[in-house]
Amino acid sequence: MKRMILSAVIGLTLAAGVAQAEPKDREALFGETHVHTKLSFDAYIFGNRNSPDDSYRYAKGEAIKHPSGFEMKLPQPLDFQAVTDHAVYLGMVPAMFDATSTAGSHPSAVALRTAKTASERRSAFGALLPYIGQQIEDDLLDMDIVRSAWVEVIDAAEQHNEPGRFTAFIGYEYTSSQDTFENLHRNVIFEGDAPDEPYSRLLSKNPENLWRWMDNLREQGMDSLAIPHNSNGSDGFMFANTTYDGAPIDKAYTAMRMRNEPLVEISQVKGTSETHPLLSPNDEFAGFEIMPYQIATWHDSRLDGSYVRQAYQRGLALQRGGAGNPYKFGLIGASDTHVGAGAFSENNYWSKIGMVDYTGTLRGAVALRWHQRLGAQIFRLSNMWHQAQVDTIANTGVPKENPAINHLQMQWSSWGASGLAGVWAEDNTREAIFAAMRRKETFATSGPRMRVRFFGGHYLKRDMLHDPNLVELAYEKGVPMGADLLSKGTAPTFLAWVTRDGRSAPLQRLQIIKGWIDASGETHERVYDIACAGGVKPNRDTNRCPDNNAAVDVSDCSITADTGANELKAYWRDPDFRKKQNAFYYVRGIENPTCRWSSWDALRGNSHPNPSLAKTIQERVWSSPIWLEH
């Protein structure tokens, strides 16, 4: 009770400060809202012994240890973070490693404690899945252990929260799914105080019941928001045309979803969920960090309903049909690290699951030696036999024929060094950052700390780009990312700009992606380059910048140093505006190409690159959209 009263007093004091600040004073803050520590069942199994306290120390710039022993340290501290351990079985696996405890005497605990190799750890993990999936009677769960671990999560956030310097949010992950591996996971972030225990899939797998629980907490004064992630692995269920149970979406569902889920995590280590080349064939940048599988399986994830851009279009269609728009969400990025420390850099990448993927060889980037190739083939055949013996609900599938037989083929070979959340907030405080998330004035990056601003309106002018009061004028005459813009029957105008991360590559191009719905109810999309490095203009016929000839030498990962921009800024008027057509617009800024982590791994491992993995990457930043409403 004392903690709640103190938090309330601090909150009221900070609220007064935020209320006095003006929108023009908002600054870009970078943070992480998806972190797992040793308290998550699938982190401890794979060697993670870092605590929530350790993770916050890492976010603040301190060095901590990877499960394999090497040091992990950020080149620059984060501004905010939430530790989001899995609510299901929170703290249970560490307890199972204590042979003297009740949990440690369970038969499944012995296999956990004796697992040493990557294969043994994967098998031990698989043995826990029936409990997590509620496929067998649960004689293992101890809610006293869960509540004790939850107190550790809360206490670490309270200890590390330093208003004005570093913001630590209380949070956790809710791991929903359909019947098997269709990822419907959400991270729940609390503005301030949190309940006595988190809501987990053991209570309900239906996200609508999570939202009802959040609504109930809100009535008690505890606000929170849920952030879905890895829609790419949802098998089409994350952004479906129906509810979780298959009922038609209506206005009540839309209102509840938007009240509780104003944001979506667009990019993280397990792939980027913006779009897919088969969904956006006219977008040459659509094939970015595609992770094609359902989570923790080799089963392909259906594209329809799994990607953000299509969800934005689907939202317009549902709105036209009278259900409202349940997919009017802003964007952030995060890492989903399972070692307590996000790996955001291609040239210093440690993937995410500890002792299973910590080397270039295990990640499939460094070639196997002959005896390793033999072992990999034996493992593949063994896995195929095992999968043929198990029930459908537990079947994780087997990989297709390995296109690079000299390299290990694992799901994490398709993962990437992403992502990061950006917010425009008045102060580095819980209230200010949470308010930015609520109003969706947020952006996502694939790792580098690029900054993007985006305004839409009817009175924005080109000459404002050079005005020293640009930001103030843009807020005064327009709306920022995440907002609605009411149509006045004429083409809207936009101001957009992105600045590079000095530790990363120069910028190549600035784009606006538009989606709209026509009079017949069909949805469309189009990509416009609106600013090009070197001051050249986009081609009027193709809406594309010319190639700036930026190149990468993968033999040493050097890049073209004299090509690209430190900042790209543009005024843009929609040339294809049509009256009465609702639309969304968002910004994408793209860097010059650099070496991907897989090329860095091969270089350091003195190995030929894996021909089935991308050699280069063009890092990027995405703004939240602006929605044009009629």
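The values are calculated or read from the model by the stated rules, or taken from the named source; none is laboratory data. Note that the structure is predicted; figures quoted are calculated from it, not measured. All Cβ positions, even for glycine, are placed from backbone atoms using ideal geometry, and neighbour counts span all protein chains on display.
Looking only at residues of the stretch 433-487 that are of a type in the set (S, T, N, Q) and surrounded by fewer than 24 Cβ atoms within 10 Å (Cβ to Cβ), we find that the one that is nearest to the chain's Cα centre (by Cα) is S487.
When G489 is tested against (1) out of contact with any helix residue (DSSP H, G or I) (no Cβ under 9 Å at 6 or more places or on another chain); (2) at negative phi, just one condition goes unmet, and that condition is (2). Only one of the listed residues (Y253, Y293) is in contact (Cβ under 8 Å) with a residue 12 or more places away in the chain, of a type outside the set (D, E) and more than 30 Å from P448 (Cβ to Cβ). That residue is Y253. For the stretch 204-237, filtered to residues that are among the small types (G, A, S) and in contact with a Lys or Arg (Cβ under 8 Å, 6 or more places away or on another chain), the residue that is farthest from A444 (Cα to Cα) is G236. Against the numbered list (1) assigned to a strand (DSSP E or B); (2) within 30 Å of D601 (Cβ to Cβ), L495 comes up short only at (2).
Of the residues making up the stretch 560-578, those that are under 17 Å from D501 (Cα atoms) and either crowded, with 19+ Cβ neighbours inside 10 Å or touching a helix residue (DSSP H, G or I) at 6+ places or on another chain (Cβ under 6 Å) (or both) number 4. Tell me, yes or no, whether the stretch 557-580 has at least one residue that is assigned to a loop (DSSP other than H, G, I, E, B), assigned by TED's automatic domain parsing to the domain that holds D501, acidic (D, E) and touching a residue at least 24 places away in the same chain (Cβ under 8 Å). Yes, the stretch 557-580 contains at least one residue that is assigned to a loop (DSSP other than H, G, I, E, B), assigned by TED's automatic domain parsing to the domain that holds D501, acidic (D, E) and touching a residue at least 24 places away in the same chain (Cβ under 8 Å). When each of E162, E120 is tested for being closer than 30 Å to D427 by Cα, surrounded by fewer than 18 Cβ atoms within 10 Å (Cβ to Cβ) and free of Cβ contacts under 8 Å to residues at least 12 places away in the same chain, the lone residue that passes is E162.
Residues in the stretch 306-326: is at least one aliphatic (A, V, I, L, M), within 19 Å of the chain's Cα centre (by Cα) and assigned to a loop (DSSP other than H, G, I, E, B)? No, there is no match, as no residue in the stretch 306-326 is aliphatic (A, V, I, L, M), within 19 Å of the chain's Cα centre (by Cα) and assigned to a loop (DSSP other than H, G, I, E, B). Considering (1) without any contact (Cβ under 8 Å) to a residue 40 or more places away in the chain; (2) of a type in the set (A, V, I, L, M, F, W, C); (3) not in a loop (DSSP other than H, G, I, E, B), the lone condition that L203 does not fulfil carries the number (3). Within the stretch 526-580, track down each residue that is basic (K, R) and in contact with a strand residue (DSSP E or B) (Cβ under 7 Å, 6 or more places away or on another chain). Matches in the stretch 526-580: R526, R544, K569, R573. Could you please give the count of residues in the stretch 327-357 that are part of a loop (DSSP other than H, G, I, E, B) and either outside the structural domain of N50 (by TED's automatic domain parsing) or not hydroxyl-bearing (S, T, Y) (or both)? Of the residues in the stretch 327-357, 15 are part of a loop (DSSP other than H, G, I, E, B) and either outside the structural domain of N50 (by TED's automatic domain parsing) or not hydroxyl-bearing (S, T, Y) (or both).
The residue that is nearest to G171 (Cα to Cα), among those in the stretch 54-97 that are among the hydroxyl-bearing types (S, T, Y) and in a loop (DSSP other than H, G, I, E, B), is T84. Restricted to the stretch 245-282, and to residues there that are touching a helix residue (DSSP H, G or I) at 6+ places or on another chain (Cβ under 7 Å) and of a type in the set (S, T, N, Q), the residue that is surrounded by the most Cβ atoms within 10 Å (Cβ to Cβ) is S273.
Among the numbered conditions (1) within 26 Å of P326 (Cα to Cα); (2) under 21 Å from the mean Cα position of the chain (by Cα), the only one that W213 does not meet is (2). Please indicate, with yes or no, whether at least one residue in the stretch 480-500 is of a type outside the set (S, T, Y), out of contact with any strand residue (DSSP E or B) (no Cβ under 9 Å at 6 or more places or on another chain) and in contact (Cβ under 8 Å) with a residue 24 or more places away in the chain. Yes, because at least one residue in the stretch 480-500 is of a type outside the set (S, T, Y), out of contact with any strand residue (DSSP E or B) (no Cβ under 9 Å at 6 or more places or on another chain) and in contact (Cβ under 8 Å) with a residue 24 or more places away in the chain. Considering only the stretch 208-222, I want to know if a residue exists there that is touching an Asp or Glu at 6+ places or on another chain (Cβ under 6 Å) and closer than 15 Å to N260 by Cα. Looking through the stretch 208-222, at least one residue is touching an Asp or Glu at 6+ places or on another chain (Cβ under 6 Å) and closer than 15 Å to N260 by Cα. Of all the listed residues (T523, T499, T542), the sole one being more than 23 Å from S446 (Cα to Cα), within 30 Å of the chain's Cα centre (by Cα) and not charged (D, E, K, R) is T523.
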